[in-house]
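The numbers here are math on the coordinates, done by the rules we state, and not lab data. Predicted model, so just to flag it, every value in this text is computed and none were measured. Neighbour counts are summed over all protein chains in view; Cβ atoms, including those assigned to glycine, are modelled from backbone coordinates with ideal geometry.
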Amino acid sequence: MDAKDSASRTRQTLDRKAHWIEWLLGGSCALLVAAMIGWIGYEALTGREGQAELSTRIVHQDKGDAGYRVMFLVGNTGKRTASSVVVRGEIRDGDSVLETSEVTFDYVPAHSSVSGTLLFRSPPQAGQLQVRPTAYSDP
């Protein structure tokens, strides 16, 4: 292959028109990128409105070496992240609190959940255990 053949092939490659599939794929990608930019912009402008909406759900209870473990999820269905989230668990007998356990999460992001475990010395009975978020701060 000599220099003329190489130059001829380069010129043919440059003169070639794009195939229709290249145009279709390029247009689809451009639309996808534009949609993503629009969605990110919309979330940036409207995503800060609202408050954190925290809730807890007990997942599992068992006995361990350190006492009784109560595993739970704390969820945030709100549009705002909550930081320094305090979750308190209480074993109650009527109106009196028999035992309290507490855990603090650094943050619970908006539209997500995190898991944690509370430890108790006495066994939590059904109907006597309450697990709830008690405090958080705005980041």
Q | GLN125/GLN51 FRET efficiency (R0 30 Å; Cβ-Cβ; nearest 0.05) | A | 0.35
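May I ask you to compute the full-extension gain from TYR42 to HIS60, defined as 0.36 nm times their residue separation minus their alpha-carbon distance, rounded to one decimal in nm?
Residue separation times 0.36 nm, minus the Cα-Cα distance, leaves 2.6 nm.
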Q: Could you calculate the FRET efficiency of VAL103 with LEU32 from 1/(1 + (r/R0)^6), where r is the beta carbon distance between them and R0 is 35 Å, rounded to 0.05?
A: 0.25
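I need SER122, SER83, SER101 ordered by Cβ neighbour count within 10 Å, fewest first. Present the calculation step by step, with values, prior to reporting the outcome.
Working: SER122 11, SER83 15, SER101 20.
By the 10 Å Cβ count, ascending: SER122, SER83, SER101.
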Q) Angle, helix 20-46 long axis vs. longest principal axis of the chain, Cα atoms, 0 to 90°, nearest 10? A) 30 degrees
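Treat the count of other C-beta atoms within 10 Å as a stand-in for reagent exposure and order THR100, THR46 from fewest to most.
Least to most surrounded, the residues fall as THR46, THR100.
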Q) When only alpha-carbon atoms count, how far does the chain stretch along each of its three principal axes, as whole angstroms with the largest first? A) 94, 38, 23
(Q) Just to confirm the filter: which trypsin sites (Lys or Arg not before Pro) across segment 80-139 are DSSP coil and have at most 11 other Cβ within 10 angstrom of their Cβ? (A) ARG121
Q: Give me the distance in nm between label points sitting 7 Å out from Cα along the Cα-to-Cβ direction at THR117 and ARG132, one decimal.
A: 2.6 nm
Q. Hey, what angle do you get for helix 3-15 against the long axis of the chain, alpha-carbon based, 0 to 90 degrees rounded to 10?
A. 60 degrees
Q.
Per DSSP helix of 4 or more residues, -39500 (n - 2.57); summed, then divided by the residues of the chain. What does that give at 222 nm, rounded to the nearest 500?
A. -10000 deg cm²/dmol
